[in-house]
Amino acid sequence: MHTPRLSLAVALIAASLALGGCNQGGTPAPKGASSGAPAPTQDTTPSEAAPGAPGGAATTGADPSTSPPPGEAPGAPQDALAEGVEPGVPAKAGEPPAPPTGDPAAEEGATPEAPTPPADAQSDGFPPPTSEQQALIDAATKALRDENVEAAITAFEALMKTEPMSGLKMTGAIALSDFYLQGGESAKAVALLEEATARAPKTGEAQFVLARAYKAAGRARDAIAAYEGALAVEPLLLRAHVEIGGLRAELGEEDAARAAMLSYERAIYRYAKLLEAEDTHPSDKFKIIEAFSLLPDDRVANSLVIALSDPFRLTRLAAAEALGEVGTREVLPALEKALASAREVDDQHMMGLVEQAIERVKDTEPSDSGKVGPTFTEPGEEPTVKPPVEVERAPAKEEAKEPGGATPKAP
């Protein structure tokens, strides 16, 4: 008998809401981040894994003291994740860029602090949760760890009857809707998420899951609109491009389908370059890796390989875990080198994540290209594959050309 589980996409979304909060109208805070948390140093002390998120969501196991700072952190180019901002260019006039990885202050372990918000403010844009809501989300999390799905659903349904619409309640709505969908109750999932998104319309994650519910209910047009709404609020929900392309193709709208896939390829290119850039803030890199962990794509894998040698440990941890989700056999040499490096410094946490990633990718099929690298296609030409990037290679030396019409691999 099939036991319902949170899907990977929904588990990650729920984790970002529950652990880091969701900025209504902006990028989700990194998992484990907290208001006022200092920026990470380049090499922090290895720590044990953090408690799991609902449904066994993937986490890097970082504690708040070593997590990337929230959007308020000085020098953090958070708007670099918005569309139309080039890597390394401050989003606002007069805003200083993040210090490069070779900055002396960073090498000495300096950690600029974020301003402390008022006591009654929530960095995620939601009102604070009540003690009852916290108790219910804790009960649901424990039930999921114990593989007691019925108890988890009961706790989530009780959470839906509470007020206010906090980040924890939104987490519960997303998780509960996924269980409804797995049980074939798409109408209940749609109703639940329509109410949630009506009350928090600028929550891109909820819009994304609502789109999935519409798709399951056979409402393709509504699903497309919801996916587009999710991207308008949160451009890092990159899988929405692929979903839109697939739905457009099903509706016979071939030109629109190709345009959606081209948008996907361009977005992947742009965020990959941001991830590889030396001056991209660690918190932005963390968010990009979190988004990439849902996308089995050669260009994605290429950037994650580069991130394995990032100066910041949290970035390396996240990249190793993401490669375990989306990597293929071609990334094994890079993972093995990362494992050797972790053993040299006795980083038990990194060793564990890389070993898990190696075990996972060993069971995968080779990618279509046979190499790790982005595939570019020009009109009338066969796809060509860029040479693989070694793990030691510095991000600044990565060479790539703007794709003029690439054919990405659909997740």
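The values are calculated or read from the model by the stated rules, or taken from the named source; none is laboratory data. Predicted model, so just to flag it, every value in this text is computed and none were measured. Every residue, glycine as well, gets a Cβ built from its backbone with ideal geometry; the counts of neighbours run over all protein chains shown.
What the table shows:
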item	result
Lone unmet requirement of (1) modelled with pLDDT of 95 or more; (2) within 23 Å of the chain's Cα centre (by Cα) for GLN182	(1)
Matching residues, region 156-169, being more than 14 Å from ALA200 (Cα to Cα) and crowded, with 24+ Cβ neighbours inside 10 Å	PHE156, LEU159
Test for ALA334: is it at pLDDT 95 or above, part of a helix (DSSP H, G or I), closer than 22 Å to MET351 by Cβ and within 12 Å of the chain's Cα centre (by Cα)	no
Boolean, HIS281 is more than 30 Å from ALA220 (Cα to Cα) and touching a residue at least 12 places away in the same chain (Cβ under 8 Å)	yes
Count of residues meeting criterion [part of a helix (DSSP H, G or I), surrounded by fewer than 23 Cβ atoms within 10 Å (Cβ to Cβ) and within 14 Å of the chain's Cα centre (by Cα)] in region 232-250	1
Looking only at region 192-208, and only at residues there that are in a loop (DSSP other than H, G, I, E, B) and out of contact with any Gly (no Cβ under 7 Å at 6 or more places or on another chain), the one that is farthest from ARG239 (Cα to Cα)	ALA200
Among the residues listed as GLN207, GLN133, the single one being buried (at least 23 other Cβ atoms within 10 Å of the Cβ), without any contact (Cβ under 8 Å) to a residue 40 or more places away in the chain and touching a Pro at 6+ places or on another chain (Cβ under 9 Å)	GLN207
Pairs with Cβ under 8 Å, 6+ apart, first in region 142-165 and farther than 15 Å from LEU192 by Cβ, second in a loop (DSSP other than H, G, I, E, B) and aliphatic (A, V, I, L, M)	LEU144/LEU6
Some residue of region 240-258 being within 16 Å of GLY204 (Cβ to Cβ) and small (Gly, Ala, Ser)	yes
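Conditions (1) of a type in the set (A, V, I, L, M, F, W, C); (2) within 16 Å of the chain's Cα centre (by Cα); (3) at pLDDT 95 or above; (4) not in a loop (DSSP other than H, G, I, E, B), marked per residue:
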| position | (1), (2), (3), (4) |
| --- | --- |
| ALA256 | yes, no, yes, yes |
| ALA260 | yes, no, yes, yes |
| GLU265 | no, no, yes, yes |
| ALA272 | yes, yes, yes, yes |
| ILE289 | yes, yes, yes, yes |
| PRO296 | no, yes, no, no |
| ASP310 | no, no, yes, no |
